[in-house]
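Participant: Here you go, one structure.
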Amino acid sequence: MSIGLIVDGQAEPDALWELRGKLQASQSMIRPLYADLQPKAAPGQIARKALSRVKMLRKRSASAIVLLIDREDQRECPPSLACEIQDALDRLGEPGILVVVKNRSFENWLIADVGALAKLRARFRPTKAFRERVVPNKADSVADGASLLNRICIDTTYHKRRDPPRILKASDVGAMAKNSRSFRRFLRLVGDDRYRAQSKRP
């Protein structure tokens, strides 16, 4: 049993690959695939863009496929956006694809484990104010996660390609889940035992 991920950020395949040994799930992870998905595009357009990656993961024997996409500043709630994309994939003949809308972006997941950022002492210096923005269970409410990361960077600004893998390599999945509901939703859909029953509560 294996699970395939389709992501909308170029750094995400390498970054999420760092979580493969940290999930409490019976399914193994296939290396995530990037697709040029635009979060504000129509659901049908997003589905069509993802279609080639879905077919690739099917050929790699994925038993389940999860598509991850940013919410950004859209007003529509993540569950509604996810359902619309799932319905569009159904209409294209690819039923059963699961969708997670990251609230609001991948960076909201990266800030969710403050302890991991503190471990990367040469790169980040989390402050008390930073922690209070994220803990408890507030990472998804940060409007601009990348900007918040920039504030605690040492020497150079946050790098969207290089920093995510090193952050998730240091991260604890349980700690991230306590502070991000959309990350808990991801864990539930990939079959992590900690959130098999629900993902609303930490």
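The values are calculated or read from the model by the stated rules, or taken from the named source; none is laboratory data. All figures in this text were calculated on a predicted structure; none of them were measured in a lab. Cβ coordinates were reconstructed from backbone atoms using ideal geometry, including for glycine residues, and neighbour counts include every protein chain displayed.
Participant: Do the conditions hold for Ser147, that is, is it modelled with pLDDT of 95 or more, of a type in the set (S, T, N, Q) and closer than 20 Å to Asp14 by Cα?
Facilitator: Details: modelled with pLDDT of 95 or more: yes; of a type in the set (S, T, N, Q): yes; closer than 20 Å to Asp14 by Cα: no.
Here the answer is no, as Ser147 does not meet what is asked.
Participant: To continue, here is another question. Which condition does Ala50 not pass, out of (1) surrounded by fewer than 19 Cβ atoms within 10 Å (Cβ to Cβ); (2) farther than 30 Å from Asn137 by Cα, if it passes all the others?
Facilitator: So Ala50 meets the others, but not (1).
Participant: In the range 141-178, which residue that is among the charged types (D, E, K, R) and within 25 Å of Asp193 (Cβ to Cβ) is surrounded by the most Cβ atoms within 10 Å (Cβ to Cβ)? Show your work before the answer.
Facilitator: Step one: filter the range 141-178 for residues among the charged types (D, E, K, R), giving 144, 151, 155, 160-163, 166, 169, 172, 178.
Next cut, within 25 Å of Asp193 (Cβ to Cβ) only: 169, 172, 178.
On the way: Lys169: 16, Asp172: 14, Lys178: 19.
The extreme case among them is Lys178.
Participant: Looking for whichever is free of Cβ contacts under 8 Å to residues at least 60 places away in the same chain and closer than 15 Å to Ala82 by Cα here; the options are Gly21, Gly44. Which one fits? Write out each step before concluding.
Facilitator: Numbers: Gly21 fails: closer than 15 Å to Ala82 by Cα.
Residue meeting the stated conditions: Gly44.
Participant: Further, regarding this structure: Quick check, is Leu117 free of Cβ contacts under 8 Å to residues at least 60 places away in the same chain, of a type in the set (A, V, I, L, M, F, W, C) and not in a loop (DSSP other than H, G, I, E, B)?
Facilitator: For Leu117, the condition - free of Cβ contacts under 8 Å to residues at least 60 places away in the same chain, of a type in the set (A, V, I, L, M, F, W, C) and not in a loop (DSSP other than H, G, I, E, B) - is met.
Participant: Here is a follow-up. Over 22 Å from Arg71 (Cα atoms), surrounded by fewer than 23 Cβ atoms within 10 Å (Cβ to Cβ), at pLDDT 95 or above and out of contact with any strand residue (DSSP E or B) (no Cβ under 8 Å at 6 or more places or on another chain): is that true of Arg131 in this structure? Give the derivation first.
Facilitator: On the way: over 22 Å from Arg71 (Cα atoms): yes; surrounded by fewer than 23 Cβ atoms within 10 Å (Cβ to Cβ): yes; at pLDDT 95 or above: yes; out of contact with any strand residue (DSSP E or B) (no Cβ under 8 Å at 6 or more places or on another chain): yes.
It is true that Arg131 is over 22 Å from Arg71 (Cα atoms), surrounded by fewer than 23 Cβ atoms within 10 Å (Cβ to Cβ), at pLDDT 95 or above and out of contact with any strand residue (DSSP E or B) (no Cβ under 8 Å at 6 or more places or on another chain).
Participant: Okay, moving on. Only one of (1) of a type outside the set (Ser, Thr, Tyr); (2) in contact (Cβ under 8 Å) with a residue 24 or more places away in the chain; (3) at negative phi fails for Gly96. Which number is that?
Facilitator: Going through the list (1) of a type outside the set (Ser, Thr, Tyr); (2) in contact (Cβ under 8 Å) with a residue 24 or more places away in the chain; (3) at negative phi, Gly96 breaks only (3).
Participant: Out of (1) touching a residue at least 24 places away in the same chain (Cβ under 8 Å); (2) in the same structural domain as Ala41 (by TED's automatic domain parsing); (3) under 20 Å from the mean Cα position of the chain (by Cα), the odd one out for Arg60 is which?
Facilitator: (3)
Participant: Looking only at the range 75-102, which residues are basic (Lys, Arg), surrounded by fewer than 20 Cβ atoms within 10 Å (Cβ to Cβ) and under 29 Å from Val142 (Cα atoms)? Spell out how you get there, then give the answer.
Facilitator: So the first thing to find is which residues in the range 75-102 are basic (Lys, Arg), and the list is 75, 91, 102.
Then keep just the ones that are surrounded by fewer than 20 Cβ atoms within 10 Å (Cβ to Cβ); that gives 75, 91.
Within the range 75-102, just Arg75 meets the criteria.
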